[in-house]
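S.K.: Could you have a look at this structure, given as structure tokens, before my questions?
The values are calculated or read from the model by the stated rules, or taken from the named source; none is laboratory data. The structure presented is a predicted model; accordingly, all values stated were derived computationally and were not measured. Neighbour counts run over all protein chains shown; Cβ positions are idealised from the backbone, glycine included.
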Amino acid sequence: MALTEAAVRKTVCPPDKKFVRVFDGGPCPGLYLEVSSASRRWFLKYSRPADKQQTRLALGIHPVVTLAAARENGLQARRLLAEGVDPVQQRREAQRASEAAAHTLRLAIERSVELDKPKWSADYLSRYVAAAERDIYPRLGDTPVGDLTAPMLLQMVRSIEARGVRDTASFCVRIIKRALQVALAEGQVERNCANDLEGVMAPKPPTKHAEALLDVEPLRQCYASLTGAAVVVAACKVLMLTAQRPGNIRLMKWDQLDLDKGLWTIPSSEMKRSVEHKANGDPHVVPLGRQAVEILRGLKASHNPVSPLVFQGRNDPRKGLSDATLGACFDRTGFGQSAHGVRASFRTVMAEAGVRPDVLEAQLAHAPRTALGRAYDRTQFLAQRAEAVQQYGDLIAP
């Protein structure tokens, strides 16, 4: 006998039973309502095409799904069965496909970033995200990770390499490889296809070291030939006199300087160190020679208090100078010296002058390689470094 909507609404589960089932004798064979104290659900009972085993297909909850809607859903399932398609299996496959489509490369990369960023510096995180947004997402960001193939990745790599930025291409592959490593562990892919790119990327070009003058006379001439905006020339001269990293020079702040004592204290957070060492390491104390102190005192008089930076940008004092600005100043001298190369110049010249290597490494803020070196580093060799810095200043800026 066919059910009616009124009969369906009146169907209840007796207190002494877990549930009752009421079959519909209407146009959809096998349709029934299962009623318990907690739910009222429609099901279709049928035989699986593959093995003829009895099973059932959930069709929804009453009264959200009415009797008429349940019949229509059941008839659609019957039409699939007539074609040899198992509706439960089809539903599972559709759900898996939907879930796979939701696991895009963009989301996989974002997931890996969340896992890894506690270990990274802010600069590295910014570079990582920028590379993904610029070179990966426009091409493959919306692709499900399960659909990625090595040829797809290689096509992306070749387009990046065509711009002449091989290192960027390699960096993007590392980003994808890490994302797929996480996706593999979480069951979203069966293998990491980024591993298949080993050996097919453009070869890494020979390392090009920063250009550096290694003799006193050309260094003296280079120092004297620095021209341009006064603040830029001052920054380049202090860079040469202290042999610190260009990034630290650009971010030098007045409250880090004690010009009376001739000391510059760089916070650990601004040093080139691991995230943990940045947070817990000691500051790097840099002795300043007479020449550097004189330059900095001269800048102090024209300091714009809107910014704590020593070397302030011309258009916006709150922004420091760029690496490119320092590099251009050195380029104008015509001596082939680079901004970063001044460190090698200092180390070479002062090593030839007899300064101990561990003293030079301490001045350059290089991590010591031996236990003895670490013990020495805690004392910072301030007296010896101050002497070396002044000796070097007298050589290149007499």
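S.K.: Would you confirm whether or not the stretch 157-179 contains a residue that is under 9 Å from Leu105 (Cβ atoms), of a type in the set (Gly, Ala, Ser) and either modelled with pLDDT of 95 or more or outside the structural domain of Glu114 (by TED's automatic domain parsing) (or both)?
M.R.: yes
S.K.: Ala235 fails exactly one of the following numbered conditions: (1) buried (at least 18 other Cβ atoms within 10 Å of the Cβ); (2) small (Gly, Ala, Ser); (3) more than 22 Å from Asn304 (Cβ to Cβ). What is the number of that condition?
M.R.: Of everything listed in (1) buried (at least 18 other Cβ atoms within 10 Å of the Cβ); (2) small (Gly, Ala, Ser); (3) more than 22 Å from Asn304 (Cβ to Cβ), Ala235 misses just condition (3).
S.K.: Could you figure out which of (1) in contact with a Cys (Cβ under 9 Å, 6 or more places away or on another chain); (2) surrounded by fewer than 18 Cβ atoms within 10 Å (Cβ to Cβ) isn't true of Met240?
M.R.: Of everything listed in (1) in contact with a Cys (Cβ under 9 Å, 6 or more places away or on another chain); (2) surrounded by fewer than 18 Cβ atoms within 10 Å (Cβ to Cβ), Met240 misses just condition (2).
S.K.: Being exposed (fewer than 14 other Cβ atoms within 10 Å of the Cβ), of a type in the set (Phe, Trp, Tyr) and part of a helix (DSSP H, G or I) narrows it down to one of Tyr128, Tyr137, Tyr124, so name that one.
M.R.: Among Tyr128, Tyr137, Tyr124, only Tyr124 is exposed (fewer than 14 other Cβ atoms within 10 Å of the Cβ), of a type in the set (Phe, Trp, Tyr) and part of a helix (DSSP H, G or I).
Matching residues to (1) of a type in the set (A, V, I, L, M, F, W, C); (2) outside the structural domain of Ile266 (by TED's automatic domain parsing); (3) under 28 Å from the mean Cα position of the chain (by Cα):
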| residue | (1), (2), (3) |
| --- | --- |
| Ser302 | no, no, no |
| Pro305 | no, no, no |
| Leu309 | yes, no, yes |
| Arg314 | no, no, no |
| Gly320 | no, no, yes |
| Ala324 | yes, no, yes |
| Gly334 | no, no, no |
| Val342 | yes, no, no |
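S.K.: Note down all Cβ pairs under 8 Å where the first residue falls in the stretch 8-37 and is farther than 21 Å from Ala77 by Cβ and assigned to a strand (DSSP E or B), the second is at pLDDT 95 or above and acidic (Asp, Glu), and they're at least six residues apart or on different chains.
M.R.: Matching pairs, first to second residue: Phe19/Glu34; Val20/Glu34.
S.K.: Restricting to the stretch 332-384, count the residues that are outside any helix (DSSP H, G or I), under 28 Å from Lys261 (Cβ atoms) and modelled with pLDDT under 70. Reasoning before the result, please.
M.R.: Keep residues of the stretch 332-384 that are outside any helix (DSSP H, G or I), which gives 334-340, 353-356, 364-370, 378-381.
Those left that are additionally under 28 Å from Lys261 (Cβ atoms): 339-340, 353-356, 364-368, 378-381.
With modelled with pLDDT under 70 added as a condition, the list becomes 367-368, 378-380.
Residues that pass the stated criteria total 5.
S.K.: Pick from the stretch 297-312 the residues that are at pLDDT below 85 and touching a helix residue (DSSP H, G or I) at 6+ places or on another chain (Cβ under 9 Å): which of them is farthest from Asp255 (Cα to Cα)?
M.R.: Only one residue fits best here, namely Ser302.
S.K.: Can I ask one more? Based on what the data block shows, is Val306 farther than 27 Å from Pro398 by Cα and of a type in the set (A, V, I, L, M)?
M.R.: Yes: the conditions hold for Val306.
S.K.: Checking the conditions here, which among Thr143, Thr149 is closer than 26 Å to Gly187 by Cα and in contact with a strand residue (DSSP E or B) (Cβ under 7 Å, 6 or more places away or on another chain)?
M.R.: Details: Thr149 fails: in contact with a strand residue (DSSP E or B) (Cβ under 7 Å, 6 or more places away or on another chain).
Answer to the check: Thr143.
S.K.: Can you name every residue in the stretch 265-288 that is crowded, with 17+ Cβ neighbours inside 10 Å and touching a helix residue (DSSP H, G or I) at 6+ places or on another chain (Cβ under 6 Å)?
M.R.: Correct list: Ile266, Val286, Pro287.
S.K.: Considering each residue of the stretch 49-72, count those that are basic (Lys, Arg) and either assigned to a strand (DSSP E or B) or modelled with pLDDT of 95 or more (or both), and give that number.
M.R.: Within the stretch 49-72, residues that are basic (Lys, Arg) and either assigned to a strand (DSSP E or B) or modelled with pLDDT of 95 or more (or both) number 2.
S.K.: Now for a different question. Scan the stretch 273-315 residue by residue and report those that are in contact (Cβ under 8 Å) with a residue 24 or more places away in the chain and aliphatic (A, V, I, L, M).
M.R.: Matches in the stretch 273-315: Val275, Val285, Val286, Leu288, Ala292, Val293, Ile295, Leu296, Leu299, Leu309, Val310.
S.K.: Among (1) surrounded by 15 or more Cβ atoms within 10 Å (Cβ to Cβ); (2) of a type outside the set (S, T, N, Q); (3) farther than 20 Å from Arg91 by Cα, which single condition is Val65 missing?
M.R.: Failing condition for Val65: (3).
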